[in-house]
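Here is the structure we will look at.
What follows draws every value from the coordinates through simple rules; no lab data is involved. Note that the structure is a prediction, hence the values are computed from the model and not measured. Because the Cβ atoms are built from the backbone with ideal geometry, glycine has one as well, and the counts that use them run over all protein chains shown.
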Amino acid sequence: MSITALPSPVAREIGTLVQALAARGLVPVHCEQSESFGNFEVGFVRGPLSFSVVRDRGQFHVDRVEREVLEPVGLWRSFSGVRSLELPLLAWVESHAAV
């Protein structure tokens, strides 16, 4: 799945993040969307590294990763926008460069 395969509302919302993750070798592998509420989940994979970015009630968070992994890097919380999620998420992804 590429950014062009994502539903257009999802691509508009997180397209920049998807491109930044793709530049680091992560590809979107699934997308689930609730059109009535604007919620969605997009799963990303690079080798054994996998996680989802979720928009729920206007908040963003990382899912499908254990709390013990996300909490120390500041990702075990909700973010008010995708831009505030982007920097800590990309730093965490880059720390797994050897994965």
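A few points about this structure:
- The residue that is surrounded by the most Cβ atoms within 10 Å (Cβ to Cβ), counting only those in segment 59-99 that are closer than 21 Å to F40 by Cα and charged (D, E, K, R), is E86.
- Sole exception among (1) of a type in the set (D, E, K, R); (2) touching a residue at least 24 places away in the same chain (Cβ under 8 Å); (3) surrounded by fewer than 18 Cβ atoms within 10 Å (Cβ to Cβ) for D56, by number: (2)
- When residues in segment 6-26 are screened for being within 17 Å of V62 (Cβ to Cβ) and of a type in the set (S, T, N, Q), 1 of them pass.
- Flag if A22 is in a helix (DSSP H, G or I) and in contact with a helix residue (DSSP H, G or I) (Cβ under 6 Å, 6 or more places away or on another chain): no
- Total residues in segment 15-31, condition over 22 Å from P48 (Cβ atoms) and without any contact (Cβ under 8 Å) to a residue 60 or more places away in the chain: 2
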